[in-house]
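Below is one structure; the comments refer to it alone.
The values are calculated or read from the model by the stated rules, or taken from the named source; none is laboratory data. Model, not experiment: these values are computed from the prediction. When we count neighbours, we look across all protein chains shown, and the Cβ atoms used for this are built from the backbone with ideal geometry, even at glycine. The protein model used for the area step is the full one, side chains on, heavy atoms only, and it has no ligands, DNA or RNA in it. Shrake-Rupley method; radii C 1.70, N 1.55, O 1.52, S 1.80 Å.
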Amino acid sequence: MKRRRKSRMFWLSATGCMALFAGLNGVTAVAGMSISDAPDEVTIDSIAEFYQPVAFNHAMHTDITSGDCTVCHHHTTGSPPKEKPCINCHNGGKEADTVSCRECHLAKPFEAAAVQEQQKDVDRYYHIDKPGLKVAYHLNCLGCHQATGGPVGCQDCHIRTEAGDKLFHAKKR
Amino acid sequence: MNPVSDHKSIALNSHNKADGSVWSLKEKFLLGLTPGGYLQAVFKNPVNWVLFAIFAIGLPLIAQRYLSGLGSVTYASNDYPWGLFLGFGLFGMVPLSASGFMLGTTVEVFGRHDFHPIERLALLNGLLGYFFAVVYLLVDLGMPWRIYYPMVISFGPAAVLFLVAWHVSTYLSVQIAEVAPAFFEWIGWLKAKKFIRSITLGLTIAGIILSTLHQGALGALFTYAPGKLHPLWYSGFMWFMFFCSSIPAGLSMVVVVSTICVRSMRWRCDENFLKNIGENTLGIAKGASLALITYLVLKVISVAHDNEWSYLLTDWGRYFLFELFVSIIMPLTLYTIAIKTRSVGLARFAALNTVLGIVFNRLNTAYIAFNWQIYQETPYWKEVMITITIFAIYFVTYRFILYRWPILYTWKGKK
Amino acid sequence: MERRSFLKGALSAGLAASVVKTEKSEAATFDGYPDGMGVLVDLTRCVGCRSCEAACNKEQGLPEPEKPFDDMSVFDAHGHGEEHAEGHGGGGKRRTDEKAYTVVNKYDVPGIDHPIFRKMQCNHCNEPACLTSCFVNAYTKTPEGAVIYNPDVCVGCRTCMVACPFYVPTFKYSSAFKPRIMKCIFCYDTRLKFGRPPACVEACPMGALTFGKRKELLDIGRQRIRENPGSYVNYIYGEHEAGGTAWMYLSPAPFEKVGFDTHLPKEPILNYVKEFLGAVPMVLTIWPALFAGFHLLATRKDGHGHDETSEEENS
């Protein structure tokens with residue numbers, strides 16, 4: 001028990017710090033949120049480089065999930081964890097105080113600093129395989145999109161920038 | 001040079017002319033003819049017409065290889081990095097050049113001086129074969145100007161090719177030294193010749209050590225690709241099989257070359273050579289047939305050792321059995337009959353069979369049965385042409401030396 | 001040499017040798033660099049977007065490709081005219097060449113309703129065949145896990161291309177004066193050395209590529225298999241193949257159906273060469289005495305000398 005509390009303390013304090021930081025960025029982070037708190041549109045732009053930022057229709061998605069935030073916001077927005085393999089240990093655990101994906105999923109998950117930080121975690125053996133931010137976005141969204149006939153092509157959600165065209169050696173349009 | 005009316009005039013065999021004056025080096029070089037006469041003789045020979053045609057196409061291709069890169073004369077295959085230059089030029093010609101250490105050992109180590117008349121031809125065959133194998137390598141290497149790198153710049157001693165590089169270069173020196181006495185006699189540098197003769201035993205033993213290992217190493221190269229070479233051709237003791245098959249290959253090559261010499265260059269061969277060539281050929285036939293039967297047994301063992309019997313029933317298996325028959329069983333049978341009936345002509349045919357058969361085996365190992373699980377590739381015509389051209393240069397060099405140095409004849413001057 | 005000075009020399013050498021500490025050789029028991037990195041390639045996640053190919057091309061300064069990286073018709077194109085047999089890529093699959101260090105291939109597997117895409121590149125083996133076959137030591141396995149190549153010592157013999165069981169290294173045949181081997185170097189010079197992931201991993205949007213310590217990647221792989229029963233073949237390709245590779249694979253379909261050679265040895269390729277390498281010192285040691293012995297036995301009675309015969313016989 002002690003060990004779990006210790007790690008939970010670690011995550012809570014980490015997210016608390018992040019929440020503070022997020023708060024400075026104008027994103028509120030409160031436990032136990034409801035649909036009325038949700039924005040209608042979110043501009044996902046923190047890692048936009050080769051593709052334009054995504055204009056995400058949040059209202060439509062809250063609609064089609066019938067208000068169940070946990071479909072996308074796993075264990076944030078005031079709900080306990082329900083993802084495998086986390087629930088193997090954290091079943092019935094405390095919800096996180098954050099909302100936005102990028103507060104847990106790092107934009108650059110494989111850089112030396114991030115790797116070193118991970119190595120410090122005493123539960124490192126279990127806390128493996130957390131995807132980075134870009135991967136988290138795609139893994140979270142695409143499964144449902146494929147099943148329901150939503151947009152699945154790269155440029156269906158975000159058109160390439162000039163840098164992106166150059167990267168792909170794309171033909172001139 | 002055949003149409004020259006009087007071969008006696010060009011069969012120089014001493015430092016002195018008939019009237020007692022001394023041949024100059026230039027005169028020796030031109031076989032006693034004037035430059036004009038020499039050129040005339042060159043153009044009259046039909047063999048040279050074929051050679052000119054080959055060079056006309058092939059030499060520009062070789063230039064193209066160096067100026068535009070390997071991709072311009074091959075299919076630039078990444079799946080088949082080694083083509084004919086190595087498949088034939090290196091893997092094929094090196095076993096054929098095993099005659100050097102075979103006859104050298106026979107005469108100098110085992111003391112069989114009855115083979116002495118053919119010893120020099122065998123040594124020359126070995127030297128030229130290795131030399132041109134290196135020429136083929138210089139055409140195949142991506143950066144031939146760096147060929148000395150494994151000797152001085154950067155060592156990878158765990159690699160089999162490292163051994164090949166060191167051994168071939170050392171062995172070339174040994175062979176140059178072994179053939180040098182013929183050159184020294186011709187040019188008159190007798191002190192140098194005496195020195196070489198004093199270290200001959202050491203050179204010969206060095207030769208056999210180096211040869212065992214690099215003939216074997218060429219086989220060991222394929223142990224780097226156990227999955228790529230068909231199991232029937234692949235074996236854990238491939239290295240030993242390559243060494244073992246180089247013995248009949250080298251011996252048979254000497255017989256083939258001596259046959260060509262006796263038939264088309266008879267004027268150059270002296271009494272001693274011609275008198276003994278029959279016995280020498282049959283003696284070589286005995287050695288070759290012993291080596292062939294050993295090789296045959298090794299082939300069977302390699303199939304049994306890895307339990308590959310079921311592969312024999314496949315298409316590749318049939319091809320393997322075909323190769324076995326054509327390159328080992330047939331020549332072995334012909335050699336045996338030739339020895340029993342003392343038929344020199346049949347032994348010569350068996351020798352040609354062996355030479356072609358061993359080259360066939362090497363091409364199969366390096367190129368045809370290689371990558372058996374993916375697509376088959378045929379070489380680009382330019383690659384084939386360059387291979388033929390370099391072989392033609394080898395032929396010309398061989399002929400050039402045989403016309404001049406005391407290989408097929410005995411030098412009449414001071415020795 | 002005088003006997004006394006010889007004895008003196010021998011004694012002092014022996015004393016010196018007994019005093020000097022010698023390190024025990026670790027080579028035979030070396031288990032690989034402990035902090036070696038690797039990449040786990042998850043074939044359930046790849047969608048064939050070719051971002052990895054594009055990123056690699058940019059990072060490594062490779063030439064303009066024949067077709068843009070967003071052109072998906074490359075998956076159906078055949079190799080230069082040859083009919084590729086099943087096994088190595090099967091049916092016209094792409095392979096690396098002098099312009100591409102990595103390529104993605106598409107496989108249609110019966111029983112799976114969507115195509116499987118598979119990225120291929122150098123697998124950065126633990127004990128690489130290319131490295132052990134190179135006679136100028138052009139390859140190095142770095143502690144970070146990358147197998148890198150030094151074009152300054154390469155002679156262009158292409159033995160590494162023969163040795164690599166994965167058919168990875170390619171040769172710059174088009175260059176007359178500066179040919180070299182072209183292969184994935186794990187972005188060592190620009191990224192891995194500084195603890196950064198390779199460009200392809202950073203570019204992949206679907207998490208088909210996961211970068212991390214090789215040891216941890218095995219844990220991740222096993223966890224994914226365990227937590228998603230039925231989604232994966234219970235096998236991590238590359239864990240043992242050719243002695244173990246740094247780049248390993250998870251697949252939803254049997255590996256031989258998605259272009260993997262499943263008959264590769266589970267030990268380093270070098271082990272197949274050791275038989276010969278071991279024989280070399282034996283021959284070097286035994287042959288001289290053996291043939292000197294033959295010579296003595298064969299020629300004792302003949303008075304076989306060398307200098308006299310050159311005068312008497314026809315040499």
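Consider C:Ala176 against the criteria (1) out of contact with any Cys (no Cβ under 6 Å at 6 or more places or on another chain); (2) within 22 Å of B:Thr223 (Cα to Cα); (3) among the small types (Gly, Ala, Ser): it satisfies all of them except one. Which criterion is unmet?
The number of the failed condition is (2).
Can we say C:Arg222 is more than 9 Å from every other protein chain (Cβ to nearest Cβ) and either outside any loop (DSSP other than H, G, I, E, B) or closer than 18 Å to C:Cys46 by Cβ (or both)? If you could, list the steps in order and put the result at the bottom.
Working: more than 9 Å from every other protein chain (Cβ to nearest Cβ): yes; either outside any loop (DSSP other than H, G, I, E, B) or closer than 18 Å to C:Cys46 by Cβ (or both): yes.
Considered against the rule, which asks whether it is more than 9 Å from every other protein chain (Cβ to nearest Cβ) and either outside any loop (DSSP other than H, G, I, E, B) or closer than 18 Å to C:Cys46 by Cβ (or both), C:Arg222 comes out as yes.
Among residues belonging to the stretch B:358-415 that are over 19 Å from the mean Cα position of the chain (by Cα), among the hydrophobic types (A, V, I, L, M, F, W, C) and within 13 Å of chain C (Cβ to nearest Cβ), point out the one that is farthest from B:Phe195 (Cα to Cα).
Once the filter is applied, the top-ranked residue is B:Ile374.
Picking from B:Met265, B:Met241, which residue would you name as being away from chain C (no Cβ under 14 Å) and either among the aromatic types (Phe, Trp, Tyr) or out of contact with any strand residue (DSSP E or B) (no Cβ under 7 Å at 6 or more places or on another chain) (or both)? Let's see the steps before the verdict.
Details: B:Met241 fails: away from chain C (no Cβ under 14 Å).
Of B:Met265, B:Met241, the one residue that is away from chain C (no Cβ under 14 Å) and either among the aromatic types (Phe, Trp, Tyr) or out of contact with any strand residue (DSSP E or B) (no Cβ under 7 Å at 6 or more places or on another chain) (or both) is B:Met265.
Collect the residues in the stretch A:143-163 that are over 19 Å from A:Asp45 (Cα atoms) and open to solvent by less than 80 Å² (accessible area, probe 1.4 Å), keeping them in residue-number order. Before the answer, list the steps.
Residues of the stretch A:143-163 that are over 19 Å from A:Asp45 (Cα atoms), as a first pass: A:143-150.
Answer for the stretch A:143-163, where residues must be over 19 Å from A:Asp45 (Cα atoms) and open to solvent by less than 80 Å² (accessible area, probe 1.4 Å): A:Gly143, A:Cys144, A:His145, A:Gly149, A:Gly150.
How many of the residues in the stretch B:137-163 are over 14 Å from C:Thr132 (Cα atoms), open to solvent by 30 Å² or more (accessible area, probe 1.4 Å) and assigned to a loop (DSSP other than H, G, I, E, B)?
3
Taking the stretch B:137-191, which residues are in contact (Cβ under 8 Å) with a residue 24 or more places away in the chain, farther than 28 Å from B:Phe391 by Cβ and within 12 Å of chain C (Cβ to nearest Cβ)?
Matches in the stretch B:137-191: B:Glu185, B:Leu190.
Would you tally the residues in the stretch C:213-224 being within 21 Å of the chain's Cα centre (by Cα) and open to solvent by 10 Å² or more (accessible area, probe 1.4 Å)?
First, the residues of the stretch C:213-224 that are within 21 Å of the chain's Cα centre (by Cα): C:213-215, C:217-218.
Narrowing further to those that are open to solvent by 10 Å² or more (accessible area, probe 1.4 Å): C:213-215, C:218.
Within the stretch C:213-224, residues that are within 21 Å of the chain's Cα centre (by Cα) and open to solvent by 10 Å² or more (accessible area, probe 1.4 Å) number 4.
List the residue pairs whose Cβ atoms are under 7 Å apart, where the first residue sits in the stretch C:54-68 and is closer than 19 Å to C:Gln121 by Cα, the second is assigned to a loop (DSSP other than H, G, I, E, B) and polar (S, T, N, Q), and the two are 6 or more positions apart or on different chains.
Listed pairs, sorted by first residue: C:Cys56/C:Thr102; C:Glu59/C:Thr190.
Criterion first (open to solvent by 30 Å² or more (accessible area, probe 1.4 Å), among the acidic types (Asp, Glu) and either within 11 Å of chain C (Cβ to nearest Cβ) or under 27 Å from A:Thr70 (Cα atoms) (or both)) does A:Asp129 satisfy it? It would help to see each step written out before you state the result.
Numbers: open to solvent by 30 Å² or more (accessible area, probe 1.4 Å): yes; among the acidic types (Asp, Glu): yes; either within 11 Å of chain C (Cβ to nearest Cβ) or under 27 Å from A:Thr70 (Cα atoms) (or both): yes.
Spelling it out, A:Asp129 is indeed open to solvent by 30 Å² or more (accessible area, probe 1.4 Å), among the acidic types (Asp, Glu) and either within 11 Å of chain C (Cβ to nearest Cβ) or under 27 Å from A:Thr70 (Cα atoms) (or both).
Quick one: how many residues across the stretch C:169-184 are closer than 17 Å to C:Tyr139 by Cα and either at the interface with chain B (Cβ under 7 Å from one of its Cβ atoms) or of a type in the set (A, V, I, L, M) (or both)?
5
Those residues that are closer than 20 Å to C:Val109 by Cβ, among the charged types (D, E, K, R) and open to solvent by 60 Å² or more (accessible area, probe 1.4 Å), I need them from the stretch C:257-275; list them, please.
Residues of the stretch C:257-275 closer than 20 Å to C:Val109 by Cβ: C:257-263.
Within this subset, residues satisfying the condition of being among the charged types (D, E, K, R) are C:257, C:261.
Within the stretch C:257-275, just C:Lys257 meets the criteria.
Filter the stretch C:225-243 down to residues that are open to solvent by 20 Å² or more (accessible area, probe 1.4 Å) and assigned to a helix (DSSP H, G or I) and give me whichever is nearest to C:Cys164 (Cα to Cα). Full working, then the answer.
Taking the stretch C:225-243 and keeping what is open to solvent by 20 Å² or more (accessible area, probe 1.4 Å), we get C:225-235, C:239-240, C:243.
In the following step, the residues that additionally are assigned to a helix (DSSP H, G or I) were identified as C:225-227, C:243.
Values: C:Ile225: 29, C:Arg226: 32, C:Glu227: 34, C:Gly243: 12 Å.
Applying the filter and picking the extreme gives C:Gly243.
Looking only at the stretch C:195-209, decide whether some residue is of a type in the set (Asp, Glu), touching a helix residue (DSSP H, G or I) at 6+ places or on another chain (Cβ under 9 Å) and away from chain A (no Cβ under 14 Å). Step through it out loud before you land on a result.
At the first step, the residues of the stretch C:195-209 found to be of a type in the set (Asp, Glu) are C:202.
If we keep only those that are touching a helix residue (DSSP H, G or I) at 6+ places or on another chain (Cβ under 9 Å) as well, we get C:202.
Narrowing further to those that are away from chain A (no Cβ under 14 Å): none.
Looking through the stretch C:195-209, none of the residues is of a type in the set (Asp, Glu), touching a helix residue (DSSP H, G or I) at 6+ places or on another chain (Cβ under 9 Å) and away from chain A (no Cβ under 14 Å).
Could you grab me the full set of residues in the stretch B:71-97 that are aliphatic (A, V, I, L, M) and more than 25 Å from the chain's Cα centre (by Cα)?
First, the residues of the stretch B:71-97 that are aliphatic (A, V, I, L, M): B:73, B:76, B:84, B:86, B:90, B:93-94, B:96.
Once the filter is applied, which keeps residues that are aliphatic (A, V, I, L, M) and more than 25 Å from the chain's Cα centre (by Cα), the stretch B:71-97 yields only B:Ala76.
Can you find, within the stretch C:83-106, the residue that is modelled with the highest pLDDT among those that are assigned to a loop (DSSP other than H, G, I, E, B) and more than 20 Å from the chain's Cα centre (by Cα)? I'd like the intermediate steps shown before the answer.
Restricting attention to the stretch C:83-106, the residues satisfying the condition of being assigned to a loop (DSSP other than H, G, I, E, B) are C:83-96, C:98-99, C:101-102.
After this cut, where a residue has to be more than 20 Å from the chain's Cα centre (by Cα) as well, the list is C:83-86, C:90-93.
Details: C:Glu83: 37, C:His84: 36, C:Ala85: 32, C:Glu86: 31, C:Gly90: 41, C:Gly91: 55, C:Gly92: 69, C:Lys93: 88.
Among them, the one singled out is C:Lys93.
Conditions first: (1) open to solvent by less than 10 Å² (accessible area, probe 1.4 Å); (2) within 18 Å of B:Ile301 (Cα to Cα). B:Cys261 passes all but one, so which condition is the exception?
The number of the failed condition is (2).
Residues to consider are B:Gly20, B:Gly89, B:Gly104; find the one that is outside any helix (DSSP H, G or I) and within 29 Å of B:Val256 (Cβ to Cβ). Please lay out each step first, then the result.
Numbers: B:Gly20 fails: within 29 Å of B:Val256 (Cβ to Cβ); B:Gly104 fails: outside any helix (DSSP H, G or I).
Just one listed residue meets the conditions, B:Gly89.
Among A:Lys82, A:Lys166, A:Lys94, A:Lys120, which is open to solvent by 60 Å² or more (accessible area, probe 1.4 Å), more than 10 Å from every other protein chain (Cβ to nearest Cβ) and at pLDDT 85 or above?
On the way: A:Lys82 fails: at pLDDT 85 or above; A:Lys166 fails: more than 10 Å from every other protein chain (Cβ to nearest Cβ); A:Lys94 fails: at pLDDT 85 or above.
Every option except A:Lys120 fails the conditions.
Could you please find all residues in the stretch A:134-168 being under 19 Å from C:Met72 (Cα atoms) and in contact with a helix residue (DSSP H, G or I) (Cβ under 7 Å, 6 or more places away or on another chain)?
Within the stretch A:134-168, A:Pro151, A:Val152, A:Leu167, A:Phe168 qualify.
Residue by residue through the stretch A:130-167, note down the ones that are of a type in the set (S, T, N, Q) and part of a helix (DSSP H, G or I). Break it down stepwise before answering.
Our first condition is that a residue be of a type in the set (S, T, N, Q); within the stretch A:130-167, this holds for A:140, A:146, A:148, A:155, A:161.
Scanning the stretch A:130-167 gives A:Asn140, A:Gln146, A:Thr148, A:Gln155.
Within the stretch A:138-150, work out how many residues are closer than 16 Å to A:Phe56 by Cβ, more than 8 Å from chain C (Cβ to nearest Cβ) and within 19 Å of the chain's Cα centre (by Cα).
4
So B:Lys28 fits all but one of (1) among the basic types (Lys, Arg); (2) farther than 30 Å from B:Val174 by Cα; (3) open to solvent by less than 50 Å² (accessible area, probe 1.4 Å); what number is the exception?
Condition (2) is where B:Lys28 drops out.
Give just the number: which of (1) in contact with a Lys or Arg (Cβ under 9 Å, 6 or more places away or on another chain); (2) open to solvent by 10 Å² or more (accessible area, probe 1.4 Å); (3) without any contact (Cβ under 8 Å) to a residue 60 or more places away in the chain does B:Trp82 not satisfy?
For B:Trp82, the exception is condition (3).
Considering only helices (runs of 4 or more DSSP H) fully contained in the stretch B:311-415, which possess at least 3 residues that are within 19 Å of B:Ala98 (Cα to Cα) and open to solvent by less than 10 Å² (accessible area, probe 1.4 Å)?
Details: elements: B:315-324, B:330-341, B:344-363, B:381-404.
The helices (runs of 4 or more DSSP H) meeting that bar are B:344-363.
Quick check on this structure: which one of B:Ser14, B:Ser9 is of a type in the set (Ser, Thr, Tyr) and in a helix (DSSP H, G or I)? Full working, then the answer.
Values: B:Ser14 fails: in a helix (DSSP H, G or I).
So the residue among B:Ser14, B:Ser9 that is of a type in the set (Ser, Thr, Tyr) and in a helix (DSSP H, G or I) is B:Ser9.
Going by the structure shown, is B:Ser198 without any contact (Cβ under 8 Å) to a residue 24 or more places away in the chain, of a type in the set (Ser, Thr, Tyr) and crowded, with 18+ Cβ neighbours inside 10 Å? Please lay out each step first, then the result.
Numbers: without any contact (Cβ under 8 Å) to a residue 24 or more places away in the chain: yes; of a type in the set (Ser, Thr, Tyr): yes; crowded, with 18+ Cβ neighbours inside 10 Å: no.
So B:Ser198 does not fit the description; no.
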